[in-house]
Amino acid sequence: MGRLRFFLKLAFICNICFLLAEVSYYIDYKGHFQELLKFILPMGMMVAFPLNVLVLLIATIMLFRRRIAWSALPPYVFIVNVIILLVQFYFLF
């Protein structure tokens, strides 16, 4: 259960990087923050979507099978990850 909580939080951080990567396409930053974007873009565009789908799928299956309780997960992180997953489907597909 501790690992699932860790991966939910890691997926949340990657999802924030995804949102920053998407925002960086629309904002003209004129070469500033180039070093920061070198880390944000790969984590946001390559890692966030597969990790988010995998973690949410495992968490949902465990919740339906009653292996873990809703209170054992950080519910706000779970809900925000689901919302960001919908945004990822919109932008990626």
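For the chain, the longest principal axis of the C-alpha atoms and the axis of helix 48-64 are separated by about 10°.
On C-alpha positions alone, give me the angle between the axis of helix 75-92 and the longest principal axis of the chain, in degrees, nearest 10. The angle comes out near 50 degrees. Loop-located chymotrypsin sites (Phe, Trp or Tyr not before Pro) in region 1-72 (DSSP state other than H, G, I, E, B) with a sparse environment of at most 15 neighbouring Cβ atoms within 10 Å: Y29, F33.
Here the dipole of the chain is about 540 debye; that uses its Cα centre as origin and unit charges on the Cβ of Lys and Arg (positive) and Asp and Glu (negative). Placing a label point 7 Å from the Cα of V87 along the Cα-to-Cβ line, the residues of region 13-56 whose backbone N sits under 12 Å from it are 13-24.
All of the numbers you see were taken from the coordinates with simple rules; none came from a lab. Since this is a predicted model, take the numbers as computed values, not measurements. Ideal geometry is used to build each Cβ from the backbone, glycine not excepted, and the neighbour counts take in all protein chains shown.
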